[in-house]
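**Q** Just passing along the structure, written as structure tokens.
The values are calculated or read from the model by the stated rules, or taken from the named source; none is laboratory data. On a predicted model such as this, the values are computed, not experimentally measured, just so you know. Cβ: placed from backbone, ideal geometry, glycine included. Neighbour counts: every protein chain shown. Surface areas here come from the heavy atoms of the whole protein model, side chains and all, with no ligands, DNA or RNA. Shrake-Rupley method; radii C 1.70, N 1.55, O 1.52, S 1.80 Å.
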Amino acid sequence: MIDTIQHLRQHIGGEVTLQGWVTHQRSSKGIEFIVLRDGSGIVQCVLAEEKLGEASFEVAKRLTQESSIRLTGQVVADDRQVGGVELQVSALELISIAQDYPVTNKEHGIDFLMDRRHLWLRSRRQWAIMRIRNTIIQAIHGFFQRNEFVQMDAPIFTSNACEGTSTLFETDFYGEPAYLSQSGQLYGEAMAMAMGKIYTFGPTFRAEKSKTRRHLSEFWMIEPEMAFYNLDMNMTLIEEFLRSVVGEVLEKCPTELEVIGRDTEKLRAVLQPFPRITYERAVRILKGEEEVEGRNAIKTLEADLELVIARINEVQQEIADRELKLSQPGMKKGEIGFNQAKVQKLKEELAELEEQARNIPIWLESARNFRMGNDFGGSDETVLTRLFDSPIMVYNWPHEVKAFYMKRDEQDPRWAKGVDVLAPEGYGEIIGGGERETQLDWLIEKINEHQLPMEAFEWYLDLRRYGSVPHSGFGLGLERLVAYICKLPHVRETIPFPRLYGRIAP
Ligand code: 4AD
Ligand code: MG
């Protein structure tokens, strides 16, 4: 019976046929050990010459990494193996022998891997990330559907900007300029007035000519929009939503989280309430004028920098010591291998530490000089979120730094009722949202201020002319959430084929 690796535990003692690809292979006398992957998981397969017969065993010996095969054998429980089982093979069928596979089990540089993304996706770590992404997508739909939101698809060709004109991709729509959607929000607002509560889940485009670890040119955004919701209700929904999605990943993806080495204790922090912090208070915290549970942003950074520098010295010393030892004769083969691997690891740690040693002074400078009224930059968000274990919600922003549709506080019109959710562990913004402006004249004023073409927004203004109600919503960047949940250093690994400044292939 043909089955997949993920179901093997149900077949202990029985016989199954697996189809997949060879990821690792080692030989011992009369036995080939193959680690097979089939997309659902990996399993060690034991191919003994005695059992397989000479002809098949010859084929087994010549297999290469990524060759595709079909194996039939008995499933045996073995707690030492991944998944707790192993396959004792009685028949091997070769489907296709792979040529020299470029993505080997050695370390490769990032550009090399990005150029081979179509193959890199087969590696164990990418497998785990893509499965977690899938679980997150399912959990998002599940949450909104359980809560009676209607899913809607917003258009991708749009006639107007939503999030500022500087990041629009222009295309040609039958001779007229059209833009790839920066956000489905405005259409979401229209649908919320028709359906009550809606969410979009679609591709989003931003022409940002910056190479950062957070920016993609094409990403997926989830945008709920709710009639009769104010900012507080919006924030409560955000909290329940994120808790539910992360909770589902923790429950359904223990293997995947283990493969990528995610510290799940840290991730569980989303189960706590999220601090709600006004923008003004966030600025004071950032500048070290106010502490968070005894933690001071500036002092923490200064202390971190000292630790990083001390550790750099330690690591450099250890590398030098081990390299000296390696250069001397008389070391046993095993010891050489051990020391070489150790030096390799230390060098990787050193590169990371050196990056931190370069970054922290820049962050410090930016935090110290931050001016009340400005928008946070990526590094400010990093500094702020390093002080917290759970995501934080920063609300009440200076209206000047926020989009035209953001509702201004009627009591104190300096502030717009926006909220940004900043993920901890240095991740920064994963959600932007807020309450929407309902006063028609204020909205018109803002459209003019932002120099947006009024004609293109007439339909949007109709939503205020005909039965305007308080309403709110937010936008979650899927890839930013995947990066945070998986604790990835860059969003390029969160999507199968990333599109970013400087990359459109493969
Ligand atoms: O903060 P943004 O620009 O907000 C909006 O687009 C609103 N219309 C959302 C709403 O209220 N309905 O984008 C929302 C989120 C960000 O918090 C971030 O997670 C993600 O979208 N995002 C990006 N992700 C990857 N690459 C980029 N270039 C991104 N730009 C925004
Ligand atoms: Mg934003």
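**Q** Looking only at helices (runs of 4 or more DSSP H) that lie completely in segment 235-336, which have at least 1 residues being more than 27 Å from Glu352 (Cβ to Cβ)?
**A** It comes to 279-286.
**Q** Kindly indicate the residue of segment 49-105 that is in a helix (DSSP H, G or I) and on the phi > 0 side of the Ramachandran plot and also surrounded by the most Cβ atoms within 10 Å (Cβ to Cβ) among those meeting that condition.
**A** Gly83
**Q** What tally of residues in segment 403-442 results from selecting those that are outside any strand (DSSP E or B) and within 9 Å of ligand 1 (Cβ to nearest atom)?
**A** Summing the residues that are outside any strand (DSSP E or B) and within 9 Å of ligand 1 (Cβ to nearest atom) in segment 403-442 gives 2.
**Q** Pull out all pairs, ordered by first then second residue, where Cβ-Cβ is under 9 Å, the residues are six or more apart or on different chains, the first lies in segment 27-52 and is touching a residue at least 60 places away in the same chain (Cβ under 8 Å), and the second is open to solvent by less than 30 Å² (accessible area, probe 1.4 Å) and among the polar types (S, T, N, Q).
**A** Arg37/Thr23; Ile42/Thr23
**Q** How many of the residues making up segment 5-37 are among the charged types (D, E, K, R), surrounded by fewer than 17 Cβ atoms within 10 Å (Cβ to Cβ) and under 15 Å from Ser68 (Cβ atoms)? Walk me through it before giving the result.
**A** Looking only at segment 5-37, we keep the residues that are among the charged types (D, E, K, R), and these are 9, 15, 26, 29, 32, 37.
Okay, now just the ones that are also surrounded by fewer than 17 Cβ atoms within 10 Å (Cβ to Cβ), so 9, 15, 26, 29.
Checking the rest, the ones that are also under 15 Å from Ser68 (Cβ atoms) come to none.
Summing the residues that are among the charged types (D, E, K, R), surrounded by fewer than 17 Cβ atoms within 10 Å (Cβ to Cβ) and under 15 Å from Ser68 (Cβ atoms) in segment 5-37 gives 0.
**Q** Only helices (runs of 4 or more DSSP H) wholly contained in segment 111-217 count here; list those with 1 or more residues that are in contact with a strand residue (DSSP E or B) (Cβ under 6 Å, 6 or more places away or on another chain).
**A** Result: 124-146, 185-195.
**Q** Which condition number in (1) open to solvent by 10 Å² or more (accessible area, probe 1.4 Å); (2) of a type in the set (A, V, I, L, M); (3) farther than 25 Å from Gly202 by Cα; (4) part of a helix (DSSP H, G or I) is the one that Val469 fails?
**A** Every condition holds for Val469 apart from (4).
**Q** Let me ask something else about it. Of all residues in segment 460-483, which are polar (S, T, N, Q) and within 16 Å of ligand 2 (Cβ to nearest atom)? Spell out the reasoning first.
**A** Taking segment 460-483 as the starting set, the residues that turn out to be polar (S, T, N, Q) are 468, 472.
The answer is Ser472, and nothing else.
**Q** Taking only segment 380-402 into account, find how many residues are open to solvent by 20 Å² or more (accessible area, probe 1.4 Å) and not in a helix (DSSP H, G or I).
**A** 6
**Q** Do we find that Ala227 is open to solvent by less than 40 Å² (accessible area, probe 1.4 Å), in contact with a helix residue (DSSP H, G or I) (Cβ under 8 Å, 6 or more places away or on another chain), among the hydrophobic types (A, V, I, L, M, F, W, C) and in contact (Cβ under 8 Å) with a residue 12 or more places away in the chain in this structure?
**A** The answer is yes for Ala227.
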